[in-house]
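S.K.: Take this structure, written in structure tokens, and hold onto it; I'll ask about it next.
The values are calculated or read from the model by the stated rules, or taken from the named source; none is laboratory data. Just so it is clear, the structure is predicted and the values come from calculations on it, not from any experiment. Quick reminder, even Gly has a Cβ in these numbers, built from the backbone with ideal geometry, and neighbours come from all protein chains shown.
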Amino acid sequence: GYVVLAAGCAADAGELRAHVGARLPEYMVPSAIVVVDGFPLTANGKLDRSALPAPEFRPSVGRLPRSPQEELLCALFAEVLGVERVGIDDDFFALGGHSLLATRLISRIRSSLDVEVSIRSLFEAPTVSALVTHLADRVPVRSDLEPLLPLRPHGKMQPLFCIHHAGGFSWPYSRLITHLPPEYPIYGLQAPNLTQPKMLPTSIEDVALDYLRLIREVQPHGPYNLLGWSFGGLVAHAIGTHLQSIGEEVEMLALLDSYPYNSEVPLTRQEEKRHEEVLFAGAADPIRNMVDTLRHDEHLLSMLNERHYEAIMDGYDNSVRLMRRYLPQEFRGDVLLFVATQGEAKPSHEVWAPYVRGEIKVHSIDCTHDAMMDPLPAARIGRILATELGRRRRTMTLHIKRRTS
């Protein structure tokens with residue numbers, strides 16, 4: 001969080017965080033608060049988020065290491081996170097960790113302790129104490145690219161299921177962990193061709209049914225919470241409409257900069273090219289850039305190989321083909337639509353109107369299409385999702401009380 005103080009006032013960031021913590025639930029309290037002289041603005045008078053100083057996460061160290069292994073892991077956590085100290089109960093993601101830092105930490109752990117461990121292990125055991133137990137139990141190492149990825153498998157409420165963008169994997173959704181209430185588990189759905197390269201689906205309907213099977217292994221019955229980014233938004237919508245067709249309830253359907261492609265509207269070749277540029281804006285180049293970045297990140301060399309990079313690009317090309325052919329069914333209920341306001345112009349949210357029997361709640365996010373899960377956009381999206389989940393939870397509780405009274 002960022003704060004501008006009134007003239008003549010002084011405040012300590014820790015005290016401000018404590019003040020906020022006394023009035024808000026823990027999940028809504030910023031992990032760090034930065035005091036700034038003023039908010040930087042763009043030439044258009046909008047907040048220039050890229051010019052804000054990066055927050056410094058300062059862990060409140062609790063229990064100290066009790067063994068050489070815990071001491072080494074605490075040191076590695078602190079080194080990767082760029083903080084002075086980490087206690088054995090400090091959560092890696094609560095201290096600002098995300099998927100890219102997780103890959104670096106896992107690489108350091110592997111080389112320092114000579115153990116087999118995956119990013120998935122860190123999602124399941126995000127503190128030093130939990131990770132030590134995880135390693136001691138000799139839990140078989142599972143691939144970080146499996147179709148169902150537990151980002152935060154613990155919690156008593158209905159999980160949030162996050163469907164990947166055209167790149168195929170769901171690691172970026174780890175940015176949401178610190179912004180959603182801890183009682184909500186978070187799972188990512190990933191493209192099967194990342195582990196089985198020849199397994200490319202032939203329709204979005206097939207993708208939806210395949211992912212729904214995995215979702216129901218975790219949560220057999222509704223109400224369901226679904227989130228999808230770009231291509232994943234169309235899949236989430238398809239999952240939602242199918243669930244409704246079999247009598248299941250969808251509590252929340254949220255779409256990140258995702259739009260249907262209307263092949264029924266006749267267009268000239270030039271109009272069609274422009275239409276595709278708008279609908280798939282920001283998708284191809286960031287995917288290629290992402291693959292190039294992964295190729296050159298030394299920490300990922302032991303996790304990904306050339307087969308994986310080819311699978312990502314093959315999956316992207318196939319996803320675009322499926323998007324062009326997909327005609328959504330009607331979803332009965334409200335939809336959250338997060339629109340990236342930077343970059344290429346986007347279709348009006350009304351493009352969803354034929355496929356949504358309810359309100360389309362639009363939230364503008366000051367970022368490009370491919371940056372939706374960067375720190376600041378993810379924080380805003382996470383806060384909105386948390387508010388929506390809380391509102392729906394209160395509505396459901398009230399409804400149950402009325403029925404039983």
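S.K.: Looking at this structure, is Gly222 farther than 17 Å from Ser319 by Cβ, outside any loop (DSSP other than H, G, I, E, B) and of a type in the set (Gly, Ala, Ser)?
M.R.: no
S.K.: Would you check which residues across the range 102-117 are of a type in the set (Gly, Ala, Ser) and either in contact (Cβ under 8 Å) with a residue 40 or more places away in the chain or touching a His at 6+ places or on another chain (Cβ under 8 Å) (or both) and list them?
M.R.: Answer for the range 102-117, where residues must be of a type in the set (Gly, Ala, Ser) and either in contact (Cβ under 8 Å) with a residue 40 or more places away in the chain or touching a His at 6+ places or on another chain (Cβ under 8 Å) (or both): Ala102, Ser107, Ser112.
S.K.: Using the structure shown, decide if Glu71 is of a type in the set (D, E, K, R), more than 27 Å from Arg380 (Cβ to Cβ), part of a helix (DSSP H, G or I) and without any contact (Cβ under 8 Å) to a residue 40 or more places away in the chain.
M.R.: Against the criterion (of a type in the set (D, E, K, R), more than 27 Å from Arg380 (Cβ to Cβ), part of a helix (DSSP H, G or I) and without any contact (Cβ under 8 Å) to a residue 40 or more places away in the chain), Glu71 qualifies.
S.K.: While we're on this one: Among the residues of the range 342-391, which ones are part of a loop (DSSP other than H, G, I, E, B) and in contact with a strand residue (DSSP E or B) (Cβ under 8 Å, 6 or more places away or on another chain)?
M.R.: Correct list: Lys346, Gly358, Glu359, Asp366, Cys367, Thr368, Met372, Met373.
S.K.: Pull up the range 118-140, narrow it to residues that are among the hydroxyl-bearing types (Ser, Thr, Tyr) and in a helix (DSSP H, G or I), then point me to the one that is surrounded by the most Cβ atoms within 10 Å (Cβ to Cβ).
M.R.: Per the criteria, the residue is Ser121.
S.K.: Being modelled with pLDDT of 85 or more, outside any loop (DSSP other than H, G, I, E, B) and out of contact with any helix residue (DSSP H, G or I) (no Cβ under 6 Å at 6 or more places or on another chain): is that true of Arg104 here?
M.R.: No.
S.K.: Can you tell me which condition Gly168 does not meet? The list is (1) farther than 17 Å from Asp314 by Cα; (2) buried (at least 24 other Cβ atoms within 10 Å of the Cβ); (3) out of contact with any Phe, Trp or Tyr (no Cβ under 6 Å at 6 or more places or on another chain), and all the others hold.
M.R.: (1)
S.K.: Another question, then. Does Arg307 satisfy being under 23 Å from Thr103 (Cα atoms), loosely packed, with under 12 Cβ neighbours inside 10 Å, modelled with pLDDT of 50 or more and among the basic types (Lys, Arg)?
M.R.: yes
S.K.: Oh, and also: Select from the range 194-209 the residues that are over 20 Å from the mean Cα position of the chain (by Cα) and either buried (at least 16 other Cβ atoms within 10 Å of the Cβ) or at pLDDT below 90 (or both) and list them in ascending order.
M.R.: Residues satisfying the conditions are Thr195, Gln196, Pro197, Lys198, Met199, Leu200, Pro201, Ile204, Glu205.
S.K.: Which numbered condition trips up Asp90, out of (1) without any contact (Cβ under 8 Å) to a residue 40 or more places away in the chain; (2) farther than 30 Å from Thr387 by Cα?
M.R.: (2)
S.K.: Need at least 2 residues that are over 11 Å from the mean Cα position of the chain (by Cα) and either of a type in the set (A, V, I, L, M, F, W, C) or under 20 Å from Met252 (Cβ atoms) (or both) per element, so show me which strands (runs of 3 or more DSSP E) inside the range 141-190 make the cut, counting only ones lying wholly within it.
M.R.: 148-152
S.K.: Return the only residue of Ala94, Ala75 being surrounded by 15 or more Cβ atoms within 10 Å (Cβ to Cβ), assigned by the TED database to the domain that holds Ala136, modelled with pLDDT of 85 or more and among the small types (Gly, Ala, Ser).
M.R.: Ala75
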